[in-house]
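One structure is given below, encoded as structure tokens.
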Amino acid sequence: MTDWATVLSTDYAVPADRPLTDLMDELCEMLASPDPVVRDDTAFTVLAYWTARGRLDGHLATLGDRMAARLVDGEIQARTFAAMILGWVVLRDARTGELDAAAVPRWRDTFTEWWLGESDLRGWDPDLGWLHAVAHGSDTVRAFARSPRLGPADLRGLLETVVDRLLDDGGYLYAHGEDDRLAYALSTALTRADLPRADAVGWLDRIESVIRGGEAGPVPAWASNTIRTLTSLYLFADRGVRWYDPELGRTGAVSPLPHRDAVKDAVAAVLAIPSPGFG
């Protein structure tokens, strides 16, 4: 058994006394653990940093395939943490170009099937710790949105996927920042210069139609979740998007939305439906 406490305390140094493949196997097994200290504080953290810092270069395809396959695991924590590591693999490939061209689109399809079919949307469990299917999935969408493997049509599909997830909430009211993570994912896709203006705003049409068709009475969870997500998105559109780079240990420059004003106007128009005072 690896001394992971030492790895954590030495800025994620890779142990030199064991093959890297064995270390990966151990971490992947730990990533499915019901113990949040083993899974979240150790396995996820180490895998994320090792991937981002290039320690697992040459093994990205294997790791990505393992994470994609785990999206059908019977345990919720195994599924949601696999999604996040899959995102880190996609982000690393965006920098290195290591993967086969078909890998990222294939994983995107597998991820979408899982995320839209996931019914356990709890953010936190007192025994399992963070589960966060919506938030973790949002981070994976954000990774796909930054991948040069995906073109304009794929980006439009990612935006529509977020809409699908918003409108199918299973009655779960976001309570742990899921709306902000969704907005971060949306705004990341909207920073892509190859996304046409029509696609940058067109995905909002379905949301507008559903909100206009809402009935009087208590606000359903999907409506509250959607309105809060769009409110956060408006701020991202106005201020731009900044990414944290774990390889550099700091945040990078702000990336503006090429269609900033059009997105802001379209989002504001939707928010004005339930809130007429919105200027």
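Every number here is computed from the coordinates shown, using simple stated rules; none is lab data. Every value quoted in this text rests on a predicted model; they were computed, and no experiment measured them. Cβ coordinates were reconstructed from backbone atoms using ideal geometry, including for glycine residues, and neighbour counts include every protein chain displayed.
Need one number: convex hull volume per residue for region 4-271, Cα atoms only, in Å³.
Convex hull volume per residue, Cα atoms: 121 Å³.
Please give the contour-minus-distance gain from Leu235 to Val38: 0.36 nm per residue of separation, less the Cα-Cα distance, rounded to one decimal in nm.
Working: separation 197, 0.36 × 197 = 70.92 nm, distance 3.55 nm.
Length gained between Leu235 and Val38: 67.4 nm.
Choose one answer from Ala16, Ala253, Ala68: the residue with the largest mean-square fluctuation in a GNM of the chain with alpha-carbon springs under 10 Å.
Sorting by GNM fluctuation, first place goes to Ala16.
At a 10 angstrom cut-off on C-beta neighbours, averaged per residue, how do the peptides 37-43, 177-183 rank from highest to lowest?
177-183, 37-43
Just subtract the alpha-carbon distance of Ile273 and Trp124 from 0.36 nm times their residue separation and send over the number in nm, one decimal.
50.5 nm
Within the chain, which complete DSSP H helices have Cα atoms spanning at least 24 Å along the helix axis and a mean Kyte-Doolittle hydropathy of 1.6 or higher?
Values: long enough: 76-96 (31 Å, 0.65); 221-239 (27 Å, 0.12).
Passing helices, by number: none.
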